[in-house]
Amino acid sequence: MNGRAVFLDRDGVINRAQVRNGRPYPPADLSALEILPDVPEALERLRAAGFRLIVVTNQPDVARGTQTRAEVEAINAALKARLPLDEIRVCYHDDKDKCRCRKPEAGLLSEAARDAHLDLGACFMVGDRWRDIEAGRRAGCTTIFIDHGYAERRPLDFDHRVKSLSEASEWICSTVHSTQEGS
C-alpha cells in the first residue's frame, strides 16, 4: 500500500454548514447547498499533489427521520459533479446504532483505505468537528482541524489548526513537499 488520500468531512469543510445556536447542521436539501468559495481551488491543489480526495460524512438526520437518504444523495451527487472528488462515503446511522462507520469510529476511513490500497499513515483527515479529528486519529492519519468556533465540544488532539480548506491544502502540500525534500 503506497496510495495516499485526503479524507474530508462534508458539511463545514466542502459546503457551508447551516449554523444554528452555534452548532453546525447539514443543508436541508439541494437548494440549500453552497460550496465554500475556496474549496474548488483547494481540491485542485491537493489533486495536483497526487492525493485521492475522499469525503467521509456522518448524516444521522436520515436515521433520525429529519432528512431523507434521497436528499443526502442528491447533495452528494451535486458535489461530485462540481468538484474533483474521487468518492463520498456516508454513515447514515445515529449514535445509538453503535456502528463502525459513524465518526468518531474510523470505519469509513479504514474501508476506503482497504478498497483503494491507501497507506493511512500517509493520509490526512480534514474536519471541523471533534468526531472528524478523532476518526482520523484512530485511523492513523495526520489530522487538520478547521476551526469555525462552533459552540460545542472541541477536539483536544490534532496535528494542525486552520480556518479554511484552502489553508489546510497549503499546509498539506508544504508538509508533503518538505518531507519529500528530506528523503
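Considered as a group, the residues in segment 26-70 that are surrounded by 14 or more Cβ atoms within 10 Å (Cβ to Cβ) and basic (K, R) include one that is farthest from C91 (Cα to Cα), and that residue is R45. Applying the set (1) modelled with pLDDT of 95 or more; (2) in contact with a Ser or Thr (Cβ under 8 Å, 6 or more places away or on another chain); (3) not in a loop (DSSP other than H, G, I, E, B) to T175 leaves exactly one unmet item: (1).
Against the list (1) outside any helix (DSSP H, G or I); (2) at pLDDT below 95; (3) among the charged types (D, E, K, R), the condition E152 fails is (2). State whether the residues of segment 139-162 include one that is over 21 Å from L43 (Cα atoms), surrounded by 17 or more Cβ atoms within 10 Å (Cβ to Cβ) and among the charged types (D, E, K, R). Scanning segment 139-162 turns up no residue that is over 21 Å from L43 (Cα atoms), surrounded by 17 or more Cβ atoms within 10 Å (Cβ to Cβ) and among the charged types (D, E, K, R). In a residue-by-residue description of segment 129-138, the property of being in contact with a strand residue (DSSP E or B) (Cβ under 6 Å, 6 or more places away or on another chain), under 20 Å from P37 (Cα atoms) and without any contact (Cβ under 8 Å) to a residue 60 or more places away in the chain applies to no position. Which fully enclosed strands (runs of 3 or more DSSP E) of segment 1-106 have 1 or more residues being free of Cβ contacts under 8 Å to residues at least 24 places away in the same chain and either of a type in the set (K, R) or touching a Pro at 6+ places or on another chain (Cβ under 6 Å) (or both)? The qualifying strands (runs of 3 or more DSSP E) are 18-20. If you go through segment 39-91 and keep only what is of a type in the set (S, T, Y) and more than 13 Å from the chain's Cα centre (by Cα), you end up with T66, T68. Looking only at segment 135-149, which residues are in contact with a Gly (Cβ under 9 Å, 6 or more places away or on another chain) and either closer than 13 Å to N58 by Cβ or part of a loop (DSSP other than H, G, I, E, B) (or both)? Within segment 135-149, A135, G140, C141, H148, G149 qualify. Residues satisfying the criterion are absent from segment 95-115 (criterion: surrounded by fewer than 20 Cβ atoms within 10 Å (Cβ to Cβ) and in contact with a Ser or Thr (Cβ under 7 Å, 6 or more places away or on another chain)).
Take segment 157-172 and flag every residue that is assigned to a loop (DSSP other than H, G, I, E, B) and closer than 21 Å to C123 by Cβ.
Initial filter on segment 157-172 (assigned to a loop (DSSP other than H, G, I, E, B)): 157-159, 163-164.
Scanning segment 157-172 gives D157, F158, D159, S164.
The values are calculated or read from the model by the stated rules, or taken from the named source; none is laboratory data. Values in this document were obtained by computation on a predicted structure and should not be read as measured data. Cβ: placed from backbone, ideal geometry, glycine included. Neighbour counts: every protein chain shown.
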